[in-house]
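Data block below; observations after.
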Amino acid sequence: MLLTEIDHVAIAVRDLDAAIEYYEQALGATVHHREVIDSDGVEEVLIKVADNYIQLAAATRDDSPIAKFIAKRGEGLHHVGYRVGDVAATLKSMIAAGARPIDEEPRPGSRGTTVAFVHPKGNLGTLIELVQE
Ligand code: CO
């Protein structure tokens, strides 16, 4: 098994501060980490749940993937982050099994992680992010 843990479940939101306030009020959540990832046009927060995270992600510009997702489908579940020991090896294994990479090579993610996204098509309709700490 190449996966070691679920790293995060990512939810696309229109208004990050409103989403945080909702999670605080509804669930007593506290923000563990907040970061703008310029290259992806996203601002995200991580809410820690045991050793895993819920990620709330909002677009920072209109042409970002999160903005396009929300325009098409509204707010909601966006992707699942799978924690792996080796992003490159896992990506290679998934491609060999028929998955389509969005990132051909592992690249830097938030929190200093190394990541690669895998397209929903050919992957059971699910956008997956491979995350190596
Ligand atoms: Co993610």
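The values are calculated or read from the model by the stated rules, or taken from the named source; none is laboratory data. Computed from a predicted structure; not experimentally measured. Neighbour counts run over all protein chains shown; Cβ positions are idealised from the backbone, glycine included. Side chains are part of the model used for accessible areas, which takes the heavy atoms of the whole protein and leaves out ligands, DNA and RNA. Shrake-Rupley method; radii C 1.70, N 1.55, O 1.52, S 1.80 Å.
Values for this structure:
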read-out: Filter result for Ala50 (surrounded by 14 or more Cβ atoms within 10 Å (Cβ to Cβ) and away from the ligand (no atom under 13 Å from the Cβ)); value: no
read-out: Options Ile66, Ile95, Ile128, Ile54: the member that is of a type in the set (Val, Ile, Thr) and over 20 Å from Val9 (Cβ atoms); value: Ile95
read-out: Which numbered condition Val13 fails, given (1) under 18 Å from Gly125 (Cα atoms); (2) open to solvent by less than 20 Å² (accessible area, probe 1.4 Å); (3) in contact with a strand residue (DSSP E or B) (Cβ under 8 Å, 6 or more places away or on another chain); (4) more than 12 Å from the ligand (Cβ to nearest atom); value: (1)
read-out: Tally of residues being open to solvent by 70 Å² or more (accessible area, probe 1.4 Å) and touching a residue at least 60 places away in the same chain (Cβ under 8 Å) across region 91-101; value: 0
read-out: Cβ-Cβ under 8 Å pairs, at least 6 apart or on other chains, region 110-133 side farther than 14 Å from His79 by Cβ, far side assigned to a loop (DSSP other than H, G, I, E, B) and within 12 Å of the ligand (Cβ to nearest atom); value: Gln132/Thr113; Glu133/Thr113
read-out: Options Glu75, Glu104; residue that is surrounded by fewer than 17 Cβ atoms within 10 Å (Cβ to Cβ), at pLDDT below 95 and under 24 Å from Gly125 (Cβ atoms); value: Glu104
read-out: Residue check, Ala88 closer than 21 Å to Thr126 by Cα, surrounded by 16 or more Cβ atoms within 10 Å (Cβ to Cβ) and either of a type in the set (A, V, I, L, M) or within 12 Å of the ligand (Cβ to nearest atom) (or both); value: no
read-out: Set Thr30, Thr4: member being open to solvent by 20 Å² or more (accessible area, probe 1.4 Å), touching a residue at least 24 places away in the same chain (Cβ under 8 Å) and either more than 13 Å from Glu129 (Cα to Cα) or over 11 Å from the mean Cα position of the chain (by Cα) (or both); value: Thr4
